[in-house]
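Novice: Let me give you the structure first, and then I'll get to my questions.
Readers should treat all values here as calculations from the given coordinates under stated rules, not as data from a laboratory. The model shown is predicted, which means the values in this text are computed figures rather than measured ones. Heads up, the Cβs are rebuilt from the backbone with ideal geometry, glycines too, and the neighbour counts pull from every protein chain shown.
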Amino acid sequence: MQPPPLILASTSRYRKELLARLGLTFTATAPACDEEALKRPGIPPRLLAEELAAAKARSLRATHPDAVVIGSDQVCAIDGRILGKPGNAERAAQTLQLLQGRTHELITAVTISGPDGDEHHTDVTALTMRPLDAPAIARYLAADLPFDCAGAYKLECRGVALMAAITSADQTAIVGLPLLAVVRMLGRWGYVVP
């Protein structure tokens with residue numbers, strides 16, 4: 001029996017590339033939810049990541065009732081404070097100055113929503129950034145331009161050189177989609193990998 005159609009509720013090229021590694025046929029579609037409405041003051045970082053992932057997955061279920069939809073989101077946090085996307089070089093430099101020499105969390109949540117319910121998984125990665133001076137921060141920002149990335153770095157690019165240590169149960173979660181959990185979860189709906 002064929003598994004249901006598979007949809008990735010994302011326009012992220014990184015998530016698309018990760019899911020494509022599994023060799024499954026899927027379509028990638030922008031989620032139809034208001035992410036900003038979920039970003040309320042005081043929400044804990046893990047809860048925000050989980051709510052965003054679930055909202056993305058569920059947002060496409062109404063128009064694709066027979067499909068299995070994957071929603072995922074990441075939140076970068078330090079000391080319980082959520083670090084959003086900096087948007088420009090000045091705010092990115094401030095974020096890296098805050099993180100340098102310290103350990104922070106990258107929380108990656110995924111929800112897979114299918115015809116018979118939802119399944120959830122959250123991966124928390126601890127990242128310790130090495131000490132950085134202002135010239136090193138400026139060189140990094142000029143190289144990767146991570147202004148649209150939470151935490152102001154791109155681990156899939158030169159941002160990995162900013163780190164002293166990374167502790168994660170699933171390295172793919174760092175890029176945006178925890179494939180170890182996704183493979184396990186998709187098995188519920190009949191997807192076989194490999």
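Novice: Once Lys and Arg get +1 and Asp and Glu get -1 on their Cβ, which of Ala77, Pro65, Ala138 lies farthest toward the positive end of the dipole of the chain?
Specialist: Of the options given, the answer is Ala138.
Novice: Right, here's the next one. Rg(Cα) of region 100-194 divided by 2.2 N^0.38 Å? Intermediate values should be presented prior to the final figure.
Specialist: On the way: Rg = 16.4 Å, N = 95, 2.2 N^0.38 = 12.4 Å.
Computed over Cα atoms of region 100-194, the ratio equals 1.32.
Novice: Would any residue of region 77-120 have its amide N under 11 Å from a label point 7 Å out along Cα→Cβ of Ser168? List them or say none.
Specialist: Counting only backbone N, you get 106-108.
Novice: Please order Tyr14, Tyr191, Tyr153 by the number of other Cβ within 10 Å, starting at the fewest.
Specialist: In increasing order of surrounding Cβ atoms, one gets Tyr14, Tyr191, Tyr153.
Novice: Mind jotting down the distance between the C-alpha centroids of region 17-78 and region 113-150, whole Å?
Specialist: Answer, in whole Å: 16.
Novice: Right, another one. To the nearest 20 debye, what charge dipole does the chain have about its Cα centre, counting +1 at the Cβ of each Lys and Arg and -1 at the Cβ of each Asp and Glu?
Specialist: Using Cβ point charges on Lys, Arg, Asp and Glu, the chain gives about 300 debye.
Novice: So how far apart, in nm, are the two label points at Met1 and Leu38 if each is 7 Å from Cα heading toward Cβ?
Specialist: According to this spin-label approximation, the distance is 3.0 nm.
Novice: When the label point is put 7 Å from the Cα of Thr63 along its Cα-to-beta-carbon vector, which residues of region 99-122 have a backbone N closer than 16 Å?
Specialist: none
Novice: Please report, for the Cα atoms of region 6-189, the Rg to one decimal and the Dmax as a whole number; what are they, in angstrom?
Specialist: Cα-based Rg and Dmax for region 6-189 come out at 16.5, 53 Å.
Novice: Report the extension gain between Asp118 and Ala30 in nm, rounded to one decimal, defined as 0.36 nm multiplied by the number of residues separating them, less their alpha carbon distance.
Specialist: 29.8 nm
Novice: Oh, and also: Expressed as an acute angle from 0 to 90° and rounded to the nearest 10, what is the orientation of the C-alpha long axis of helix 45-59 relative to the principal long axis of the chain?
Specialist: Rounded to the nearest ten degrees, it is 40.
Novice: Build a GNM of the chain with springs between Cα atoms under 10 Å: which of Gln94, Gln171, Gln74 gets the top mean-square fluctuation?
Specialist: Gln94
Novice: Still on this structure, I have one more. Looking at the chain, identify the longest residue range that excludes and avoids all trypsin sites (Lys or Arg not before Pro) in DSSP loops having at most 15 other Cβ atoms within 10 Å.
Specialist: Between the exposed loop sites, the longest stretch runs 103-194.
Novice: What nm distance separates the two modelled labels at Ala134 and Gln100, each placed 7 Å from Cα along Cα→Cβ?
Specialist: Distance between the two pseudo-spin positions: 1.0 nm.
Novice: Using only the Cα atoms of region 19-123, each taken as one equal point scatterer with no solvent, compute I(q) by the Debye sum, divide by I(0), and report log10 of the ratio at q = 0.10, 0.11, 0.14, 0.16 Å⁻¹.
Specialist: -0.35, -0.42, -0.64, -0.79
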